[in-house]
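> Starting off with a structure, shown below.
The values are calculated or read from the model by the stated rules, or taken from the named source; none is laboratory data. Quick caveat, the model's predicted, so the values are computed rather than measured. Because the Cβ atoms are built from the backbone with ideal geometry, glycine has one as well, and the counts that use them run over all protein chains shown.
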Amino acid sequence: MAWIKLGAPAAASLAGAGIVLWTAAIGAATPEGAAAPQLAVGDRWEYRVTDNLRRGAVSKLDVEVVSVTAGTARLRFEGADPNGRGEWFDEVDRDGNLASGTLFREPPRPFAPPAQLLAFPLQKGKTWRQTIDTLRKDTGVKDQILIYGRVGSPAAVTVPAGGFETVYVYRTIQLDDREFWRSRTSITDAIWYTPSTKAPVRIKREAKYNQKDLSNLEVRTESTVLELVAFRPGPGP
């Protein structure tokens, strides 16, 4: 959702966030120019998250639309791994943008303007850039979140939920979390999205920062793969 951010704070060391049950038949041809999803109360996704920094440890993520008010959907995320469980909420506007929630291992917060994590409609060759001005609560210093995305060619993908024809999206996010001793976190996402599930069916994420010393050491903070296991549409419109 918003569409799916890995790295949200689930359980103590859960590294992923995401969504998707249906049959393989759901993977019908995906039209170019995919529009923003029309979320309905009861839409529910189940994901498998594989953490490649923890020797392929596998965790589970469930996502459900719990309310839709004036076009804004509220989603509940529930994550579980061997270390425990966690829960958090996002709010997504009618254009598919993240109005409130978490981008990466941080407490939920509002975004003004909403974070354009996918720029619908998704048309081949489309690119977008967004700068979100922020104010650090810990320091009171002005900062920015930078988002860049590019829509690639349609691609066939197979995940636990079945085979899908998807729209491929490449995205980078630079967070407003730099410190005097390190650079801001840089996130790179490979996303396979399909309108039939209203969400990505697969996301591959890498995140890192660099230390600000003579070593300029690169520190990887996430290397995860999120895959759809199931999607159940809600009864709402």
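> Yes or no: Val41 at pLDDT 95 or above, aliphatic (A, V, I, L, M) and surrounded by fewer than 18 Cβ atoms within 10 Å (Cβ to Cβ)?
Yes; evaluated as a whole, the condition is true for this residue.
> Considering only residues of region 127-179 that are under 22 Å from Glu206 (Cα atoms) and not in a strand (DSSP E or B), which is nearest to the chain's Cα centre (by Cα)?
So the residue we want is Leu175.
> Tell me which residues, restricted to region 188-216, are at pLDDT 95 or above, of a type in the set (A, V, I, L, M, F, W, C) and assigned to a loop (DSSP other than H, G, I, E, B).
Result: no residue meets the conditions.
Every residue, every condition in (1) within 17 Å of the chain's Cα centre (by Cα); (2) among the aliphatic types (A, V, I, L, M); (3) in a strand (DSSP E or B), yes or no:
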| residue | (1), (2), (3) |
| --- | --- |
| Ala36 | yes, yes, no |
| Ala40 | no, yes, no |
| Tyr47 | yes, no, yes |
| Leu61 | yes, yes, yes |
| Val65 | yes, yes, yes |
| Ala73 | yes, yes, yes |
| Trp88 | yes, no, yes |
| Arg94 | yes, no, no |
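> Turning to a different aspect of this structure: Could you tell me whether any residue of region 151-171 is among the polar types (S, T, N, Q) and loosely packed, with under 14 Cβ neighbours inside 10 Å?
yes
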